[in-house]
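Engineer: Quick one: the structure is below, questions incoming.
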Ligand SMILES: [Zn+2]
């Protein structure tokens with residue numbers, strides 16, 4: 001940055017500082033980047049165009065020659081983009097109206113034209129037809145502490161066929177729509193060994209990574225449109241058939257907005273959080289369910305993780321023409337997904353709302369790198385979704401609560417993990433778009449949620465809550481890595497339990513997060529052997545083991561256990577005897593075979609490994625128990641049918 005520009009830049013910051021009073025008295029984040037936009041929605045051309053002033057602060061010790069920005073909308077520019085290629089061209093149907101973003105002007109704060117210094121780069125795959133990452137060589141490199149200030153003129157053409165973003169008829173969901181800074185990672189941040197821009201292309205299976213920013217966004221659009229955004233509406237002025245709205249968002253990682261003439265706007269409040277719900281007018285009979293779900297999530301996260309730090313929250317239940325925008329998160333704005341007919345026993349709308357709200361914590365507050373470690377967001381968030389759903393909607397009925405069929409959210413989330421061979425994939429060995437076929441969702445969502453649930457089974461619910469409270473205290477607004485999360489677990493577990501689980505929990509993560517093993521325990525057999533009085537001549541009868549027992553009904557019993565999978569986790573084993581006695585054993589799970597032996601006037605009646613289902617990674621609960629009394633078979637067939645039904649249901653559900 002050149003010194004003579006300090007006045008203009010200073011002005012920009014003064015404006016920001018003044019405005020900062022509007023929402024948060026004290027900034028929640030470092031605010032390394034900031035955006036001020038003035039744009040117009042053209043409902044004929046389906047464009048959003050205008051000007052943007054943005055800054056990036058070089059908080060590293062490096063002299064940085066360039067800036068890199070995401071131009072996500074260019075993912076929909078042609079069938080040759082990386083996004084289309086990764087979708088195997090499938091979005092390229094004849095009637096698809098493509099989308100793109102054009103940079104019309106690009107200046108620094110001295111009015112120096114940077115358009116000639118612009119180039120499109122493809123750091124992930126070298127695809128020259130992909131224009132989703134922009135690199136601009138600065139007129140003068142940014143020295144440590146400098147602020148780079150740019151003015152950009154741009155036009156964004158929205159695509160039809162909404163995939164999170166675009167238009168459908170007169171419905172608009174405007175996301176990933178403006179030039180957005182990548183994250184400059186100095187050496188030592190996450191896995192960076194040298195400083196550099198982390199600015200990935202737009203991919204079919206990955207989400208985002210950004211600094212927390214301040215957004216001042218002015219939108220001009222037809223006056224009959226009803227809008228919602230990730231910011232707060234600061235002002236509105238009408239001018240004939242058009243109106244201009246000013247939004248402000250603080251300390252959020254993205255800014256998205258929606259416009260549609262037919263929204264019903266409903267409001268509610270939870271503590272100091274103003275909640276706004278936009279939904280089709282003919283669906284407002286479902287508003288109460290939606291508000292209850294989001295308030296449940298606010299309460300649970302507030303209690304067990306940390307406070308929701310913004311005073312506002314908007315969520316959108318898109319109409320069916322905009323259903324492609326459903327189920328996505330932009331921190332203080334998210335989309336849910338109900339439909340006209342949704343019976344009250346089916347908690348899918350609540351589940352989507354709780355899930356997308358939860359991203360406010362892991363993608364919004366913690367803000368990890370979703371391109372590179374998606375499980376830190378989706379997996380962790382799914383784990384909390386399950387806990388919240390089953391807590392508020394019934395332990396066995398978090399997903400479906402019908403007299404004839406009850407399914408917990410825990411079971412519904414564990415099931416895809418069980419059914420997919422990709423459960424053996426490693427959680428973080430590759431960036432999300434490089435995951436082998438069919439493994440992205442299993443790795444990022446279901447496997448991670450399942451091993452987190454297993455971790456909770458081992459260390460206990462209160463310890464897991466403390467892990468997340470510490471994670472929040474330490475890493476909120478700071479972009480931690482997976483290793484940072486593991487370190488927090490190690491720290492909290494050893495603080496709470498000493499060396500009960502060993503010097504650290506790395507043995508757990510090596511097997512689950514970084515491992516490919518299968519977890520499966522089995523009761524191999526039960527042996528009740530009746531005591532026989534010694535026959536024949538004996539000179540040295542050892543009667544110590546039968547002392548005190550009635551030798552007429554004395555049994556030597558053995559519970560024979562096996563570990564079929566590679567994963568070794570500590571597990572409880574419940575032994576039930578014919579006289580009603582029960583013994584709860586602890587097995588470290590290390591041996592391939594393990595016997596628990598008993599002598600007494602009782603036989604083992606049944607054995608259950610993991611009676612409380614703490615080790616949800618165990619891929620087969622059916623072989624976890626054995627009983628000496630025969631069981632009825634038809635129940636198993638019914639369970640299998642239900643299982644197949646849930647699997648089908650999950651496969652059509654977009655998370
Ligand atoms: Zn999600």
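Engineer: Checking residue 165 against (1) over 24 Å from the mean Cα position of the chain (by Cα); (2) buried (at least 23 other Cβ atoms within 10 Å of the Cβ): exactly one of these is not met. Which one?
Structural biologist: (1) is the only condition that residue 165 fails.
Engineer: Within the stretch 589-597, is there a residue that is closer than 30 Å to residue 515 by Cα and touching a residue at least 40 places away in the same chain (Cβ under 8 Å)?
Structural biologist: Initially, the stretch 589-597 is screened for residues closer than 30 Å to residue 515 by Cα, giving 589-596.
With the extra rule that they be touching a residue at least 40 places away in the same chain (Cβ under 8 Å), the set shrinks to 589, 593.
Within the stretch 589-597, one or more residues are closer than 30 Å to residue 515 by Cα and touching a residue at least 40 places away in the same chain (Cβ under 8 Å).
Engineer: Could you tell me whether the stretch 314-330 includes any residue that is farther than 27 Å from residue 215 by Cβ, buried (at least 22 other Cβ atoms within 10 Å of the Cβ) and within 16 Å of the ligand (Cβ to nearest atom)?
Structural biologist: Looking for residues that are farther than 27 Å from residue 215 by Cβ, buried (at least 22 other Cβ atoms within 10 Å of the Cβ) and within 16 Å of the ligand (Cβ to nearest atom), one finds none in the stretch 314-330, hence no.
Engineer: Just one of 193, 156 is touching a residue at least 24 places away in the same chain (Cβ under 8 Å) and assigned by TED's automatic domain parsing to the domain that holds residue 210; which is it?
Structural biologist: Working: 193 fails: touching a residue at least 24 places away in the same chain (Cβ under 8 Å).
On inspection, the qualifying residue turns out to be 156.
Engineer: What are the residues in the stretch 150-188 that are farther than 23 Å from residue 201 by Cα and in contact with a helix residue (DSSP H, G or I) (Cβ under 7 Å, 6 or more places away or on another chain), if any?
Structural biologist: Those that are farther than 23 Å from residue 201 by Cα and in contact with a helix residue (DSSP H, G or I) (Cβ under 7 Å, 6 or more places away or on another chain): 168, 169, 171.
Engineer: Can you pull out the residues in the stretch 326-351 that are without any contact (Cβ under 8 Å) to a residue 60 or more places away in the chain and under 22 Å from residue 312 (Cβ atoms)?
Structural biologist: 329, 334, 336, 338
Residue-by-condition table, conditions (1) closer than 21 Å to residue 228 by Cβ; (2) modelled with pLDDT of 95 or more:
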site	(1), (2)
304	no, yes
310	yes, yes
313	yes, yes
320	yes, no
328	yes, no
384	no, yes
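Engineer: Considering the stretch 113-124 alone, what residues qualify as being at pLDDT 95 or above and surrounded by 15 or more Cβ atoms within 10 Å (Cβ to Cβ)?
Structural biologist: 114, 120, 121, 122, 123, 124
Engineer: Mind listing whichever residues of the stretch 212-247 are surrounded by 20 or more Cβ atoms within 10 Å (Cβ to Cβ) and in a strand (DSSP E or B)?
Structural biologist: To start, the set of residues in the stretch 212-247 that are surrounded by 20 or more Cβ atoms within 10 Å (Cβ to Cβ) comprises 212-217, 219, 221, 225, 227-231, 245, 247.
Answer for the stretch 212-247, where residues must be surrounded by 20 or more Cβ atoms within 10 Å (Cβ to Cβ) and in a strand (DSSP E or B): 213, 214, 215, 216, 217, 219, 221, 227, 228, 229, 245, 247.
Engineer: It is to be established whether one or more residues within the stretch 60-71 are within 20 Å of residue 171 (Cα to Cα), at pLDDT 95 or above and assigned to a strand (DSSP E or B).
Structural biologist: First, the residues of the stretch 60-71 that are within 20 Å of residue 171 (Cα to Cα): none.
Among the residues of the stretch 60-71, not one is within 20 Å of residue 171 (Cα to Cα), at pLDDT 95 or above and assigned to a strand (DSSP E or B), which makes the answer no.
Engineer: Additional query: For residues that are over 28 Å from the mean Cα position of the chain (by Cα) and farther than 23 Å from residue 154 by Cβ, scanning just the stretch 80-105, find the one that is surrounded by the most Cβ atoms within 10 Å (Cβ to Cβ).
Structural biologist: Taking the candidates together, the pick is 92.
Engineer: Moving on. Only residues that are assigned to a loop (DSSP other than H, G, I, E, B) and either buried (at least 16 other Cβ atoms within 10 Å of the Cβ) or out of contact with any helix residue (DSSP H, G or I) (no Cβ under 9 Å at 6 or more places or on another chain) (or both): list them for the stretch 503-513, please.
Structural biologist: Of the stretch 503-513, the ones assigned to a loop (DSSP other than H, G, I, E, B) are 503-505, 512-513.
Correct list: 504, 505, 512, 513.
Engineer: Scan the stretch 131-152 residue by residue and report those that are assigned to a strand (DSSP E or B) and more than 16 Å from residue 34 (Cα to Cα). First the steps, then the outcome.
Structural biologist: To start, the set of residues in the stretch 131-152 that are assigned to a strand (DSSP E or B) comprises 133-142, 147-152.
133, 134, 135, 136, 137, 138, 139, 140, 141, 142 - these are the residues of the stretch 131-152 that are assigned to a strand (DSSP E or B) and more than 16 Å from residue 34 (Cα to Cα).
Engineer: Could you say whether any residue in the stretch 56-69 is closer than 16 Å to residue 177 by Cα, in the same structural domain as residue 218 (by TED's automatic domain parsing) and surrounded by fewer than 15 Cβ atoms within 10 Å (Cβ to Cβ)?
Structural biologist: Within the stretch 56-69 (the criterion being closer than 16 Å to residue 177 by Cα, in the same structural domain as residue 218 (by TED's automatic domain parsing) and surrounded by fewer than 15 Cβ atoms within 10 Å (Cβ to Cβ)), the answer is no, since none of the residues qualifies.
Engineer: Here is a follow-up. Which residues, taken from the stretch 333-352, are in contact with a strand residue (DSSP E or B) (Cβ under 7 Å, 6 or more places away or on another chain) and either within 16 Å of the ligand (Cβ to nearest atom) or not in a loop (DSSP other than H, G, I, E, B) (or both)?
Structural biologist: 333, 334, 335, 336, 346
Engineer: OK, next. Output the residue which, of all residues in the stretch 363-376 that are within 11 Å of the ligand (Cβ to nearest atom) and under 16 Å from residue 211 (Cβ atoms), is surrounded by the fewest Cβ atoms within 10 Å (Cβ to Cβ).
Structural biologist: This residue is 370.
Engineer: Identify the residue in the stretch 425-446 that is part of a helix (DSSP H, G or I) and free of Cβ contacts under 8 Å to residues at least 60 places away in the same chain and, among all such residues, is nearest to residue 414 (Cα to Cα). Steps first, answer last, please.
Structural biologist: Filtering the stretch 425-446 down to residues part of a helix (DSSP H, G or I) leaves 432-434, 440-446.
Narrowing the set further to residues that are free of Cβ contacts under 8 Å to residues at least 60 places away in the same chain leaves 434, 442.
Numbers: 434: 24, 442: 10 Å.
Looking at residues that are part of a helix (DSSP H, G or I) and free of Cβ contacts under 8 Å to residues at least 60 places away in the same chain, I get 442.
Engineer: So, in the stretch 165-196, how many residues would count as being in a strand (DSSP E or B), within 30 Å of residue 97 (Cβ to Cβ) and touching a strand residue (DSSP E or B) at 6+ places or on another chain (Cβ under 7 Å)?
Structural biologist: Looking only at the stretch 165-196, we keep the residues that are in a strand (DSSP E or B), and these are 165-168, 171-174, 180-181, 183-185, 196.
Filter once more, so that each one left must be within 30 Å of residue 97 (Cβ to Cβ): 165-168, 171-174, 180-181.
Subset that is touching a strand residue (DSSP E or B) at 6+ places or on another chain (Cβ under 7 Å): 165-166, 171-174, 180-181.
Final tally of qualifying residues: 8.
Engineer: Hey, can you tell me all the residues within the stretch 255-275 that are closer than 20 Å to residue 322 by Cα and either buried (at least 17 other Cβ atoms within 10 Å of the Cβ) or in contact with a helix residue (DSSP H, G or I) (Cβ under 7 Å, 6 or more places away or on another chain) (or both)? Give the steps one after another, and end with the answer.
Structural biologist: Residues of the stretch 255-275 closer than 20 Å to residue 322 by Cα: 255-266.
255, 256, 257, 258, 259, 260, 262, 263, 264, 266, listed by residue number.
Engineer: Somewhere in the stretch 551-562, is a residue out of contact with any strand residue (DSSP E or B) (no Cβ under 9 Å at 6 or more places or on another chain) and in the same structural domain as residue 601 (by TED's automatic domain parsing)?
Structural biologist: Keep residues of the stretch 551-562 that are out of contact with any strand residue (DSSP E or B) (no Cβ under 9 Å at 6 or more places or on another chain), which gives 551-552.
Within this subset, residues satisfying the condition of being in the same structural domain as residue 601 (by TED's automatic domain parsing) are 551-552.
Yes, the stretch 551-562 contains at least one residue that is out of contact with any strand residue (DSSP E or B) (no Cβ under 9 Å at 6 or more places or on another chain) and in the same structural domain as residue 601 (by TED's automatic domain parsing).
The values are calculated or read from the model by the stated rules, or taken from the named source; none is laboratory data. Computed from a predicted model, the values in this text were never measured in an experiment. Positions of Cβ are generated from backbone atoms using ideal geometry, with glycine treated the same way; all protein chains shown enter the neighbour counts.
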